[in-house]
Every structure is written in structure tokens, then in C-alpha cells.
Amino acid sequence: MPIIAPSLLAADFSNLRQEMSAVVEAPWLHLDVMDGHFVPNISFGMPVIKALRPHSQAKFDVHLMIDPVDPYLEATAKAGADHITVHVEGNAHLHRTLQTIHALGCKAGVAICPATPPEALSEVMDLVDIILVMTVNPGFGGQKFLHGQPAKIRTLAEMIRRSGRDITLGVDGGIDETTTPLVTEAGATMLVAGSAIFGKGDRKAAIEGMRAVARPARRA
Ligand code: DX5
Ligand code: ZN
């Protein structure tokens with residue numbers, strides 16, 4: 001059964017506390033921080049995450065779409081992140097970033113954009129806890145799933161098997177009841193979903209609907 005991580009980006013920003021309580025059955029909550037520079041959009045930052053922290057039991061899965069990222073890792077951990085995911089793109093010292101995240105007591109994630117090949121992660125397999133395959137170009141919710149990405153999910157699933165480590169393989173962007181079967185069959189073990197959950201009236205039913213269509217991983 002894949003982990004479902006509702007993305008708060010698609011929630012009603014005037015009512016975030018209530019929105020979090022509508023998705024309590026999900027073990028993770030995905031929080032997208034955008035800077036208007038690494039991605040062409042600005043969302044919310046650490047003060048908002050900090051304010052939400054006492055009102056949720058979920059693991060806070062923070063996806064940083066910011067450049068530079070290193071100066072903000074400590075603030076992200078202090079705001080209450082359990083997982084901090086950074087992008088592989090443009091990070092010349094990714095080992096240092098991942099080591100810093102671990103030193104702050106968080107799980108370390110690496111996100112990979114659609115145009116970046118899976119091999120970009122080959123040298124960090126010993127350090128990464130979560131790999132997040134972007135199935136859209138990051139920056140906005142509600143975009144269309146890019147159908148070339150399941151091949152990359154398969155390659156990364158194989159790289160994870162070879163590493164022998166317990167690495168969560170997440171997908172982010174355009175994940176709904178139609179695309180869930182494709183990505184879970186390719187090996188995804190964690191599904192981020194914004195519009196497919198917060199865009200629906202009944203969020204609980206939306207989460208259950210995604211779980212119901214997940215498929216066992218099938219090696220190519
Ligand atoms: C996009 C963000 C996603 C976003 C996904 O850059 O990283 O987490 O919220 O939204 P949907 O599920 O609507 O594609
Ligand atoms: Zn995200």
C-alpha cells in the first residue's frame with residue numbers, strides 16, 4: 001500500500017488548520033516551499049509550517065523548491081519538518097546538503113525534475129532516504145502528468161533495489177486515480193497529490209480512492 005501525502009498547495013489557504021484535519025488518514029503531509037526563483041511561483045515558507053505543526057500528527061514532508069537551499073535547512077527543521085527534500089538540479093554539493101539534513105535530525109529527500117536523468121542520483125544512494133520523482137515541472141499544482149516519467153521511476157526502483165537500502169520512492173505532480181496505477185506499477189511507494197485530494201469535496205474518499213487503484217510493483 002503506497003503512502004499517500006496530500007499536498008497542502010491545493011488546499012484552501014484561508015483555512016489550513018481545517019484542511020489538515022480533513023486528511024488525517026494520510027500519514028504524511030506534503031508542504032511545498034517555493035521561492036519565485038528556482039520555480040516561477042511563490043507559495044509559503046517556514047513561519048506557516050511552524051504555525052501548522054502543533055495541529056497535525058502527520059509527518060511533515062517538506063519539499064524545498066528554493067535556490068540557494070542550504071541557508072534554509074536549519075529553519076526548515078526548526079519549523080517542524082520530519083523530512084526535508086531538496087532538488088538535485090543546481091546543487092553542486094548535494095552530499096553536504098544531505099549530511100546537514102541528517103545532522104538536523106530529519107530524513108533527507110532528493111527531488112528530480114522531469115528533464116533530469118535518473119543517473120543524477122547514482123552517487124547519493126547511500127545518503128538519501130526519499131527520492132521524489134517530479135511527474136510535472138515543479139512550480140504549480142494541477143498540471144498534467146508527464147507520461148515519460150514511469151520509465152524513470154522503474155530505473156530508480158531498480159537502483160534502490162541494488163542499493164539494498166530502505167528508500168521511499170515518491171512521485172509528485174498530476175497524481176490521481178488515473179495515474180496512480182501507472183506509477184505504483186512502476187515502483188512508486190509514496191504518492192503526493194494536491195488537486196486530486198483537496199480539489200474534491202470528500203478528501204477522505206479521495207485518499208481511499210487512490211489507495212484502491214494502486215497496483216503492486218511490476219518489474220519490466
Ligand atoms: C508542484 C508541487 C506539487 C503540487 C502537486 O511543483 O511540488 O507537490 O502540489 O500538485 P498536483 O497534485 O495538483 O499536481
Ligand atoms: Zn511537491
*asked:* Report the Rg/Rh value for region 1-152, based on alpha-carbon coordinates and the Kirkwood definition of Rh.
replied: 0.94
*Sequence-distant or interchain residues sharing an amide H contact under 5 Å with A111, placed H: which?*
V86, H87, V88, L132
*For region 77-87, take each phi angle, set θ = phi - 60°, evaluate the Karplus expression 6.51 cos²θ - 1.76 cosθ + 1.60, and give the result in whole Hz per residue in order, putting x for glycine and proline.*
5, 5, 6, x, 5, 8, 10, 10, 10, 10, 8
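Which whole-number percent gives the relative contact order of the chain, counting Cα pairs below 8 Å spaced six or more residues apart?
Value for the chain: 20 percent.
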*asked:* I'd like the FRET efficiency for I42 and R219, computed as 1/(1 + (r/R0)^6) with the beta carbon distance as r and R0 of 30 Å, rounded to 0.05.
replied: 0.15
*Give the distance, in whole Å, between the Cα centre of region 27-57 and the Cα centre of region 78-136.*
17 Å
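Return the percentage of antiparallel bridges among DSSP beta bridges fully within the chain, rounded to the nearest 5 %.
Of the beta bridges lying entirely in the chain, close to 5 percent run antiparallel.
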_Lysine pairs with alpha-carbon atoms under 28 Å apart, the chain, spacing 8 or more or separate chains_ = 17
*asked:* Could you sort the peptides 96-105, 164-173, 209-218 by per-residue average Cβ neighbour count (10 Å cutoff), highest mean leading?
replied: 164-173, 96-105, 209-218
*Under the Karplus relation 6.51 cos²θ - 1.76 cosθ + 1.60, θ = phi - 60°, what is the ordered set of whole-Hz ³J(HN,Hα) values for region 205-220, x standing for Gly and Pro?*
5, 5, 5, 5, x, 5, 4, 5, 9, 5, 10, x, 5, 10, 6, 5
*Which residues' amide hydrogens lie under 5 Å from the amide hydrogen of I4, considering only partners 5 or more residues apart or on another chain, with H built in the peptide plane?*
W28, L191
*What percent antiparallel are the DSSP beta bridges of region 13-114, to the nearest 5?*
5 percent
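Every number here is computed from the coordinates shown, using simple stated rules; none is lab data. Small disclaimer: the values here were computed from a predicted structure and weren't measured. Cβ: placed from backbone, ideal geometry, glycine included. Neighbour counts: every protein chain shown.
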